[in-house]
1. Could you give me the residue pairs with C-beta distances under 9 Å whose first residue belongs to region 273-300 and is within 22 Å of I251 (Cα to Cα) and in a helix (DSSP H, G or I), whose second residue is open to solvent by 60 Å² or more (accessible area, probe 1.4 Å) and of a type in the set (S, T, Y) wherever it lies, and which are 6+ apart or on separate chains?
2. When region 214-230 is examined, which residues are found to be open to solvent by 40 Å² or more (accessible area, probe 1.4 Å) and farther than 21 Å from D348 by Cα?
3. Taking M186, is it within 19 Å of the chain's Cα centre (by Cα) and surrounded by 20 or more Cβ atoms within 10 Å (Cβ to Cβ)?
4. Which pairs turn up if I take residues in region 417-429 that are more than 18 Å from P326 (Cα to Cα) and look for partners that are in a helix (DSSP H, G or I) and of a type in the set (V, I, T) with beta carbon separation below 9 Å, at least 6 apart in sequence or on another chain?
5. Do you know which residues across region 99-126 are closer than 11 Å to C85 by Cα, touching a Phe, Trp or Tyr at 6+ places or on another chain (Cβ under 7 Å) and without any contact (Cβ under 8 Å) to a residue 40 or more places away in the chain?
6. Can you find, within region 195-213, the residue that is surrounded by the most Cβ atoms within 10 Å (Cβ to Cβ) among those that are in a helix (DSSP H, G or I), touching a residue at least 40 places away in the same chain (Cβ under 8 Å) and of a type in the set (G, A, S)?
7. Pairs only if they're at least six apart or on different chains, beta carbon under 9 angstrom, first in region 326-338 and under 13 Å from V262 (Cβ atoms), second in a strand (DSSP E or B) and hydroxyl-bearing (S, T, Y); list them, first residue then second.
Amino acid sequence: MEGVLSSLLASSLIVGFPSLIFICSILIYYYVCVMKKKINSKDSLPPAIGVYIMRCIYSITQYWEMIIPQIKLYRISNDYIVFQCLSVVFTLKVMDYLKEGPKTIRELSQLTKSSEKNLFRVMRALTQEHIFNYNQINQTFSLNSCSKLLTSPPPPQSSDNENYYNIRNNGVLSTNDEELGCIFSMLSYPTFIDAWRSLKECIETGVSGFQAKHGMTFFQYIDEKDTYIKKIFDSAMRQRNYATKIHTQIIHGYDFSKFRKVCDIGGGIGFLGYEIAYQNPNTNVCVLELEETVRNGLEQSKVDEKKQRIIEEQRLVFRTGNMFIPRTIPSANLYIMMQVIHDWNNNDAIKILSSVASTMRMERNHTGQSPKLLIIDSILDDNINNDTYKRSCIPDIIMMAIVGGEERTLSQWNQIINESSLKILSIKKFNRPPFLSLIELTIQ
């Protein structure tokens, strides 16, 4: 045992000292270059530095588990139990009650109509995971920086899961973008839990776990059977984008000002579309979505004066359409598809890209100029041992189990792009989470 501890200590020093020196170098670089030379602090670090930092962080956190594999298996089991506990208190709206102030376990048990003893045991476990704070003197639980991010979204006005939430707000999910309540709500929603339980059928049959459980695809289900999940999904995507600040990366990484008309295909409730309109006054944006999402987008705009003003000025419009049907896609100088293609299998992805290519071809025949298509999505390295796999394998499993899509390597992207009569003009990779890439295309 002493030998193992000595090896761990020595290896931690080997990994830790270079990393510490490197981090100090980064701080010096930031001070000298950013503060002294007035470099815009919003610019990302040089790619090599950003990649190295991520590798150092990943290496340090994973190093102990490589040496003692029992630690890894224990962590995985522990994380599953923690998620189950967190899902329960989230469903019981404990975070919402604690927003009013610290409360004793008796008060929480009365508000949630729960067993005082068992609720305390769960809260105690989550406190040890630094999800809640506990005051030993007053014997009260309170929110911390982590649990403040998790508040319940408004409930469905009519749904089979009507008792899952019980806060109403005129049907509009006016959630705080800085919170993650909708993301966590989607992951712990009963319909999603059932889909994950069908992961074995997904692996055996090749269809998504969601389709194996519910008999229809995820998008068919949220459009036809339970539109409340569609609202949760739209708001969760908005919160995810806000948390990663992906819109800032995109706006600074691509020049939208040279395009007069931009069509954001599958643009949700307009998260990226609004940002393009904000930053480029001479660019008009059309968000193409299905009917329910269009309604959600218009509802969300009512609680934001800036968004409402842009809609009134008609610099951003929502339009109902279907990306599989070319005639429903409006004409534009630039088409955008942000994390859309990864939701679909290869056959459907080719159909979608071919549909957009057909619209682009008609636009070229009409105006004499070839529009561009900007795909914003992940590109995995073809080498399975590369870091891109380590940070994208879980999103790929989510695509497989829920929507039936996949994250793709560059060679896989090239295959579906070529079969859709498109060609790549340029690729730009971001070195910050969520590590997406800008793939600029035109028609062949």
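The values are calculated or read from the model by the stated rules, or taken from the named source; none is laboratory data. Quick caveat, the model's predicted, so the values are computed rather than measured. Ideal geometry is used to build each Cβ from the backbone, glycine not excepted, and the neighbour counts take in all protein chains shown. The area values use the complete protein model at the heavy-atom level, side chains included, leaving out ligands, DNA and RNA. Shrake-Rupley method; radii C 1.70, N 1.55, O 1.52, S 1.80 Å.
1. Q279/S257
2. Listed by number, the residues that qualify are K225, T227.
3. Values: within 19 Å of the chain's Cα centre (by Cα): yes; surrounded by 20 or more Cβ atoms within 10 Å (Cβ to Cβ): yes.
Yes, satisfied.
4. Short answer, once both residue conditions are applied: K423/I417; I424/I417.
5. Hit for region 99-126 is M123, nothing else.
6. Going residue by residue through region 195-213, those that are in a helix (DSSP H, G or I) are 195-196, 199-205, 209-213.
In the following step, the residues that additionally are touching a residue at least 40 places away in the same chain (Cβ under 8 Å) were identified as 195-196, 199, 202, 209-211.
If we keep only those that are of a type in the set (G, A, S) too, we end up with 195, 209.
Values: A195: 23, G209: 26.
Taking the candidates together, the pick is G209.
7. Note: pairs meeting the criteria are I329/Y335.
Per-residue answers, yes or no, for (1) surrounded by 15 or more Cβ atoms within 10 Å (Cβ to Cβ); (2) at pLDDT 95 or above; (3) among the small types (G, A, S); (4) under 20 Å from D264 (Cβ atoms):
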residue	(1), (2), (3), (4)
R327	no, no, no, yes
I336	yes, yes, no, yes
Q339	yes, no, no, yes
D343	yes, no, no, yes
L353	yes, yes, no, yes
V356	yes, yes, no, yes
D377	yes, no, no, yes
N386	no, no, no, no
